[in-house]
1. Given a Förster distance of 30 angstrom, what is the FRET efficiency for residue 230 paired with residue 144, based on the Cβ-Cβ distance and rounded to 0.05?
2. Starting from the 7 Å offset along Cα-to-Cβ, what nm value, one decimal, do you get for the label separation of residue 151 and residue 258?
3. Mind ordering 157-167, 84-94, 29-39 by average Cβ neighbours within 10 Å, highest first?
4. How large is ³J(HN,Hα), in whole Hz, for each residue of region 16-24 in order, when computed from phi with the Karplus curve 6.51 cos²θ - 1.76 cosθ + 1.60 and θ = phi - 60°, using x for Gly and Pro?
5. Just add up the charged neighbours of residue 63: K/R +1, D/E -1, any other residue whose Cβ is under 11 Å from the Cβ of residue 63.
6. Let's test the formula: R0 of 25 Å, r as the Cβ-Cβ distance of residue 278 and residue 248. What FRET efficiency results, to the nearest 0.05?
7. Give the cross-link partners of residue 209 among the aspartates and glutamates, using a straight C-alpha distance below 16 Å as the criterion and excluding same-chain residues fewer than 8 apart.
8. Quick query: amide H of residue 68 versus all other amide H atoms, modeled in the peptide plane; which residues come in under 5 Å with a sequence gap of 5 or more or a different chain?
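Readers should treat all values here as calculations from the given coordinates under stated rules, not as data from a laboratory. Here the structure is a predicted model, which means the values were calculated and not measured. Methodologically, a virtual Cβ is constructed for each residue, glycine included, from the backbone with ideal geometry; neighbour enumeration extends over all protein chains shown.
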Amino acid sequence: MPPTLFPLQISFIIPVRRKLSGLRTTLVSLEAQEGLTQAEVIVVNDGADPAISGFLKNLAFPFSVYEIPVHTSKGSYNARNLGIRQATAPYLIFLDDSILLPPDWFLKLKPLLAQFAYIACEVRIQKEHEEKLSEKFFRLTAFQTARYVQAHNFGLTCCLAVQKQAFEKTGLFDDHIFSGGDREFGQRLHGLGLSQTYFDAAMALHPAKDWQQQFRVQTRIYKGMLDLAKRYPERYSQLRPTSMQLLHNFYGLVKSLLFASRIPLYQSGAFTYREWVVVKLFSTWLYSKALIKILVWKKRDFNE
């Protein structure tokens, strides 16, 4: 276990791909953190966006900010690995662009950093003032970090703290995959007996997504499951997408509409029945469309 440093030395690693406004949001929230006195911020500019480079060059910030431009994108895990290699602090905190941290977030996280090799931080979806139905559905169903940690031993890299020395035992993120690396790394670390915990004393916030954005997210998730099953068949063969999941999706739709009163999400009162019908129809269509797209990839990747 690394010695506790007073003040703690932290490296924040933020991969960003052409999202200057999101990066600005995250940096503003970092600047406002209470109890954060020694830190470096490593921005991995995935795609070498000149607008991001120009912004960072002229940025007045209380901590050292370093840019790593990546001219040919190889995915977010490759970007995080580049950040890890450059980081100098014993504690690494991974953030995605657009993550908004409340001012007391670091102050509450700080006591855990020396105790645990891996800290999965809770992320909630930000509620918009005029929330669309798609955004409400995403807010109430996305980012179930507590379940991921308790049932599957991983958290989300959009808000994750890891002791740097842990990577000496685990190796870096698998940058051969573009999605699913959160799961693979967390479970690899857990399998080596390194300590993990879940942090929800302060909630990081993530912007909501509309239906089209959710479709892209779900497609990426299914592709990640496909990649994991292909790359680690002994560990993840059960994740391999199949056509039976399409039947399961439509069975779930019928069940959720006929027996809505038994579904906890509907019981919460967040949706009227009419809204519930709309979100279930749209979400089932979205998940099934993403799955069909991946099943086409699966036939090619597995030569079926």
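1. Efficiency, from the Cβ-Cβ distance: 0.75.
2. Those two pseudo-labels are separated by 2.3 nm.
3. Put in order of decreasing packing, that is 157-167, 84-94, 29-39.
4. Rounded to whole hertz, the list is 9, 10, 6, 10, 4, 4, x, 4, 4.
5. For residues surrounding residue 63, the net value is -2.
6. Using R0 = 25 Å, I get an efficiency of 0.75.
7. Of all the aspartates and glutamates, those that pass the test against residue 209 - Cα under 16 Å, at least 8 places apart if same chain - are 96, 97, 128, 130, 131, 135.
8. Close amide H contacts, sequence-distant or interchain: 43, 44, 45.
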